[in-house]
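Structure first, then comments.
The values are calculated or read from the model by the stated rules, or taken from the named source; none is laboratory data. Just so we're clear, the structure is a prediction, and the values are computed from it rather than from any experiment. Ideal geometry is used to build each Cβ from the backbone, glycine not excepted, and the neighbour counts take in all protein chains shown.
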């Protein structure tokens, strides 16, 4: 009988009543028009499970009172505006309707005979172009009865998944309305398939007695329209014309993509999220194409975002060999090399350090010795140079013969070992040998000069470096001759020579604020054997003096030189001195050999100046004398000309007296600078000038009247000259200067 009833109900049940198609910003259903039929996309159903919705049941569409005891779905009055004891007439006349169910022992109760369990089902076609979903629903207890039923609010995406519960409602409870609200977050955003939301009672009711009347009303689904898609990047931006390049398209609002094209051709294997799309490019012709993404919200186009490129072409590489240990920097030349994704040597990847369209620089990997193919792969294909690079095994050394030679070098030796054919260098304690000839098992070369003693011998090949420890012994030969000079070609110095004032080793006056004054000194070997300069040491004078002496101990070959520098950097004023000692191997000269240097630290004092003012002019051929008067600082003072020059015939004494007789043929101004020192090594520079004037003409020559002077005109000239002389004397006295024939204006 039960089975017959189910079959009858199934045969009478209408098909699924369409789907809800979203638009705007919300979907609302208040069931007020239910008398004319169920709204599109909504059904009342029975025989529901966690994964199925059973079949639809047509409710009683005419208004019915809550107290109806026959099991079925009904067009009930909403609880809003009514009370629990409202009459059937008031209920049926209410315009505010809801959809409800009256469970019974034979209908709508999971513990009863079929049809059961029941559900209210909303079906949404899809959510493409929409996001930010939330819902609200009124759950109504309309006729409180003893038995209790648990109603579950749940949803699923698609038609086969298990429903996900998002809330429950238990009855019986207080008569009236309970509001249910839920925010889906991003779960339903841009879903391209059916979405189902239902209120179901999958568990049997509990208790005894009548079952209640339950209803739902005011279903509201809120959402926002998804903005149009936008593309920000396509990576990689190049690929093979054959297609199949895996590309990531970055941007916004990309989920729900219905089409991805490259130059109008559809991509494959499209996987989309809101922020990115991965896909495989279709085949295409070489050149630049647009990339388009279409979603329900629109189409985004990245103009010229992808390039179908030609396969790489390799023309050569350099160097063509390197150690099997790897690490050789190799430059590969060719075309279409941009965006290289792999560079391999014999199938082993190298490390790319730079990449342009015509050149790749890569570090070789470690590989067994031998030739290897070199391949470059870009998004557009792969190109290979066959047997283009040779990995070289590291060298080994087994011996050297002869194992001794003079410290002057020039010994022809033979090194034995393996993997020596690509030798590029042989060194003796770091100094390169000459005349190198190499084969796979031996090397011949000529030793360089070196200080007597045992040294390491190292061989460098394309495969690496090998060494023999203390393998060659230099023996002393001839005698060295030590000589120290003041710079290149300068005077030769004796041990402990005193410093000559104003000489090369006198660094003179130097401002303590300066960066230092450096002077070179040269050690020369005038002997027939190598000279060992083992140390150059500043034994006194620090921190005012310093040394620059690199590469010690040094072997100076016969006739060779070694240069070091002494730096004067006074840190305080006053006289400074230092002693440098040189240790060497010339047994005929003192070792250590002492070098003395000196200098004076001075300091600029702005308050140190002259009180003279402008200097008096000088007259050609007339004696001149002016004392320079210093102020500021600490007396006594000394003076010296540092730039420019006094007029010829005049001199400046250390005490500050400018004196002499101008003898030069040139008149006019003579500019010069005087440095004034006080007694505590402070100084200042003062710019001065002396103007030399021509001597005035005094006396006359003969005349046409028999010679002599004319009392008319030449007498007047003499009187004018004497008047000028008297005025000059008076002016000199007023200026506090000694006058000796100079004229002041």
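Below is a table of values for the structure above.
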| quantity | calculated |
| --- | --- |
| Within segment 360-394, tally of residues that are in contact with a strand residue (DSSP E or B) (Cβ under 6 Å, 6 or more places away or on another chain), part of a loop (DSSP other than H, G, I, E, B) and either more than 27 Å from residue 283 (Cα to Cα) or not assigned by TED's automatic domain parsing to the domain that holds residue 325 (or both) | 5 |
| Failed item in (1) modelled with pLDDT of 95 or more; (2) under 60 Å from the mean Cα position of the chain (by Cα), with residue 129 passing the rest | (1) |
| Number of the exception - residue 710 against (1) modelled with pLDDT of 95 or more; (2) in a loop (DSSP other than H, G, I, E, B) | (1) |
| Output for segment 547-578, where each listed residue is under 24 Å from residue 480 (Cα atoms) and part of a strand (DSSP E or B) | 548, 554, 555, 556, 561, 562, 563, 564, 565 |
| Residue in segment 1-22 that is nearest to residue 224 (Cα to Cα), counting only those that are modelled with pLDDT under 95 and assigned to a loop (DSSP other than H, G, I, E, B) | 18 |
| Hits in segment 539-551 - residues which are exposed (fewer than 15 other Cβ atoms within 10 Å of the Cβ) and closer than 30 Å to residue 452 by Cα | 539, 548, 550, 551 |
| Complete set of residues in segment 172-196 that are in a loop (DSSP other than H, G, I, E, B) and at pLDDT 95 or above | 187, 188, 194 |
| Members of segment 40-58 that are in a loop (DSSP other than H, G, I, E, B), surrounded by fewer than 21 Cβ atoms within 10 Å (Cβ to Cβ) and in contact (Cβ under 8 Å) with a residue 12 or more places away in the chain | 40, 41, 47, 49, 50, 51, 58 |
| Subset of segment 59-75 [outside any loop (DSSP other than H, G, I, E, B) and free of Cβ contacts under 8 Å to residues at least 60 places away in the same chain] | 60, 61, 62, 63, 72, 73, 75 |
| Residue 146 vs. criteria touching a helix residue (DSSP H, G or I) at 6+ places or on another chain (Cβ under 9 Å), farther than 30 Å from residue 224 by Cβ and at pLDDT below 95 | no |
| Residue within segment 157-171 that is touching a strand residue (DSSP E or B) at 6+ places or on another chain (Cβ under 8 Å), buried (at least 20 other Cβ atoms within 10 Å of the Cβ) and either at pLDDT below 90 or assigned by TED's automatic domain parsing to the domain that holds residue 255 (or both) present | yes |
| Residues of segment 111-130 satisfying the condition of being part of a loop (DSSP other than H, G, I, E, B) and closer than 28 Å to residue 220 by Cα | 116, 117, 125, 126, 127, 128, 129 |
| Any hit, segment 462-475, residues being buried (at least 20 other Cβ atoms within 10 Å of the Cβ), more than 23 Å from residue 585 (Cβ to Cβ) and at pLDDT below 95 | yes |
| Hey, residue 494 farther than 12 Å from residue 427 by Cα and crowded, with 16+ Cβ neighbours inside 10 Å or not | no |
| Exclusive hit being closer than 30 Å to residue 465 by Cβ, in contact with a strand residue (DSSP E or B) (Cβ under 7 Å, 6 or more places away or on another chain) and modelled with pLDDT under 95, set 287, 322 | 322 |
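Residues are listed down the side, and each one gets a yes or a no for (1) over 30 Å from residue 543 (Cβ atoms); (2) part of a strand (DSSP E or B); (3) out of contact with any helix residue (DSSP H, G or I) (no Cβ under 7 Å at 6 or more places or on another chain); (4) touching a residue at least 40 places away in the same chain (Cβ under 8 Å):
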residue: 626; (1), (2), (3), (4): yes, yes, yes, yes
residue: 636; (1), (2), (3), (4): no, no, yes, yes
residue: 640; (1), (2), (3), (4): no, yes, yes, no
residue: 651; (1), (2), (3), (4): yes, yes, yes, no
residue: 655; (1), (2), (3), (4): yes, no, yes, no
residue: 662; (1), (2), (3), (4): yes, no, yes, yes
